[in-house]
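Notes follow the structure.
The values are calculated or read from the model by the stated rules, or taken from the named source; none is laboratory data. Since the structure is predicted, the reported quantities are computational estimates derived from the model, not experimental observations. Cβ: placed from backbone, ideal geometry, glycine included. Neighbour counts: every protein chain shown.
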Amino acid sequence: MKLLLMLVGLSTARAEFLRIEVLMKDMDCLSCSDSLGRTFEKMRGVKHVEVSTEKGSVALELVDQNRVTLEQVWDAIKRVGFTPGDTKVTVRGERKGDSFVISVIDKTIDIEGRRPQGEVAIKGTITPPPDPRTRIRLRIPEATNQ
């Protein structure tokens, strides 16, 4: 019985990005935008890709138990020739102090704004840091009830 409870606990304790939408100011090349979409369609863990040249964005819906990182997404965007900007995310993880832990990819990010309690899925915005070694900060709107 204990083993069954442990297995059930492990299957529900997932921490991962669920949705990532990256805004780009320099998204004015239609063929490049098509190339960006194809790049993400090939990325393991991506369920659906939506590229919008009107909004200047790419939105990714991710499969359960994916290991996609923001750095992978931002690097893919740079390789196509665009500059990643503010990134809206829906992420599932666990609060530990003033940080949010995404265990599947072994990533800890700082939280600005409302601090979620325990294991939750939250929405917020992340700006790519100028130095990739800089710790990522997730800005959570104060007025949301998630």
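Brief remarks follow.
- Candidate set from segment 77-106 (those that are small (Gly, Ala, Ser) and modelled with pLDDT under 95); member that is nearest to residue 140 (Cα to Cα): 99
- Pairs, first among the aliphatic types (A, V, I, L, M) in segment 71-87, second surrounded by fewer than 18 Cβ atoms within 10 Å (Cβ to Cβ) and outside any helix (DSSP H, G or I), C-beta under 8 Å, six or more apart: 76/43; 77/83
- Qualifying residue in segment 25-41 (condition: closer than 22 Å to residue 121 by Cβ and buried (at least 20 other Cβ atoms within 10 Å of the Cβ)): yes
- Checking residue 71 against (1) touching a Leu at 6+ places or on another chain (Cβ under 9 Å); (2) part of a helix (DSSP H, G or I); (3) under 15 Å from residue 127 (Cα atoms), the condition it does not meet: (1)
- Which numbered condition residue 54 misses (of (1) closer than 18 Å to residue 16 by Cβ; (2) part of a loop (DSSP other than H, G, I, E, B)): (1)
- Verdict on residue 43 being at pLDDT 95 or above, outside any strand (DSSP E or B) and either at negative phi or not hydroxyl-bearing (Ser, Thr, Tyr) (or both): yes
- Selection of segment 27-42 for residues being over 14 Å from the mean Cα position of the chain (by Cα) and not polar (S, T, N, Q) yields 27, 28, 29, 30, 32, 34, 36, 37, 38, 41, 42.
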